[in-house]
Ligand code: GLC
Ligand code: MG
């Protein structure tokens with residue numbers, strides 16, 4: 001990971017289903033709270049790692065369904081596939097390592113002799129992962145018999161049971177914990193071991209994450225029986241692991257606070273218009289602005305001229321906003337246009353979030369901040385790559401920023417929205 005010049009302040013390694021993503025939270029509110037916390041306080045100097053049992057196909061599907069951030073590193077298929085960055089470049093060293101004592105044809109042949117096993121969909125069968133469903137009451141016995149059979153055939157495998165239904169067979173050296181250990185070893189070799197690492201999970205395939213030394217861990221409140229049982233048998237005395245009282249992403253935020261790993265209050269949980277929060281960072285400024293925009297249109301803030309005047313006060317008179325459609329307008333005029341849409345989304349689905357807010361210094365007291373802005377309105381979701389030029393108001397005290405330029409480009413090529421519906 002070359003983005004960071006030095007050790008990450010915090011590396012979060014999180015499972016997705018029922019950990020980062022709460023499938024019972026229809027509005028994904030806890031995820032949106034985490035997103036705001038991460039982008040305002042951590043993105044610029046920390047690392048986000050997603051570690052999921054899903055194959056790339058199902059992972060990409062989830063990203064379309066839920067307001068998920070883009071991780072720096074993606075570990076998929078239960079720690080058998082590691083990729084880096086936006087373009088998901090695979091780690092070839094890891095693939096090579098996993099080939100040892102592994103032959104998926106033998107695994108398929110031996111497992112076909114077990115009538116208790118039902119093969120999962122074709123997308124979930126990967127080079128180093130063969131996956132089935134098996135009933136809870138049959139799982140232990142099947143796992144025991146199967147591992148004996150595979151050992152006889154000369155394979156060294158790992159069998160993992162998760163969510164009270166999924167059975168994965170992987171090479172012995174694979175798994176979420178081994179993949180994390182591999183990453184930590186790589187960082188150490190580069191002299192960039194993260195200052196703190198927090199592992200987050202809810203089910204059987206996450207147990208390994210909690211057995212890596214030096215790593216903090218949170219089992220979210222809704223953790224599965226098999227994980228809690230593993231914890232009781234193996235890690236009860238480890239004070240670096242907690243069982244949160246909050247569900248999913250809210251449990252992750254809780255753990256950041258519990259272990260004192262950094263700021264743990266999301267801007268979404270703050271009445272930031274009333275509090276006198278001086279801007280800590282560019283990320284903070286961007287998250288705050290778009291959260292105001294969401295609340296304004298949802299009708300959750302008072303329709304007050306004062307807010308608009310405050311916004312205008314932090315724009316250079318010459319500041320231009322280039323809309324993704326190409327339409328160009330002074331930013332102050334755009335703010336004036338907000339007047340007529342206060343509460344226009346009241347009672348409707350309307351959420352705004354930003355992803356990968358990354359500032360780059362381009363001059364003394366001046367930063368170019370690039371990020372993706374997402375807007376969910378009803379059933380429609382659109383994204384735009386956005387760049388904002390921010391100047392420090394006072395170069396000496398770094399108190400607050402002034403907006404100098406905003407430019408957006410549609411992410412999905414969609415020109416469907418004009419500047420009367422998509423405002424910022
Ligand atoms: C995900 C995968 C599945 C796997 C399960 C548990 O649901 O799609 O193949 O068995 O995680 O690891
Ligand atoms: Mg899970």
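If the condition is being touching a residue at least 24 places away in the same chain (Cβ under 8 Å), part of a strand (DSSP E or B) and farther than 13 Å from residue 183 by Cα, then segment 62-93 contributes only 76. Filtering segment 160-200 to residues that are within 11 Å of ligand 1 (Cβ to nearest atom) and on the phi < 0 side of the Ramachandran plot leaves 160, 161, 162, 165, 166, 167, 168, 169, 170, 176. A count restricted to segment 268-287 and to residues that are modelled with pLDDT of 95 or more and surrounded by fewer than 21 Cβ atoms within 10 Å (Cβ to Cβ) stands at 2. Number of residues in segment 200-237 that are at pLDDT 95 or above and part of a loop (DSSP other than H, G, I, E, B): the value is 9. Those residues that are free of Cβ contacts under 8 Å to residues at least 40 places away in the same chain and within 17 Å of the chain's Cα centre (by Cα), I need them from segment 219-273; list them, please. Within segment 219-273, 219, 254 meet the criteria. Being more than 16 Å from ligand 1 (Cβ to nearest atom) and under 30 Å from residue 164 (Cβ atoms) is a property that residue 256 has.
Within segment 207-222, the set of residues being farther than 13 Å from residue 250 by Cα and surrounded by 17 or more Cβ atoms within 10 Å (Cβ to Cβ) comprises 207, 208, 209, 210, 211, 212, 215, 216, 217. The set of residues from segment 140-199 being within 16 Å of ligand 2 (Cβ to nearest atom), surrounded by fewer than 16 Cβ atoms within 10 Å (Cβ to Cβ) and within 24 Å of the chain's Cα centre (by Cα) is empty.
Look at residue 69 and say whether it is surrounded by fewer than 24 Cβ atoms within 10 Å (Cβ to Cβ), within 28 Å of residue 174 (Cα to Cα), more than 14 Å from ligand 1 (Cβ to nearest atom) and under 11 Å from the mean Cα position of the chain (by Cα). Spell out the reasoning first.
Values: surrounded by fewer than 24 Cβ atoms within 10 Å (Cβ to Cβ): yes; within 28 Å of residue 174 (Cα to Cα): yes; more than 14 Å from ligand 1 (Cβ to nearest atom): yes; under 11 Å from the mean Cα position of the chain (by Cα): yes.
Judged against the criteria, residue 69 is a match.
The values are calculated or read from the model by the stated rules, or taken from the named source; none is laboratory data. Values in this document were obtained by computation on a predicted structure and should not be read as measured data. Neighbour counts are summed over all protein chains in view; Cβ atoms, including those assigned to glycine, are modelled from backbone coordinates with ideal geometry.
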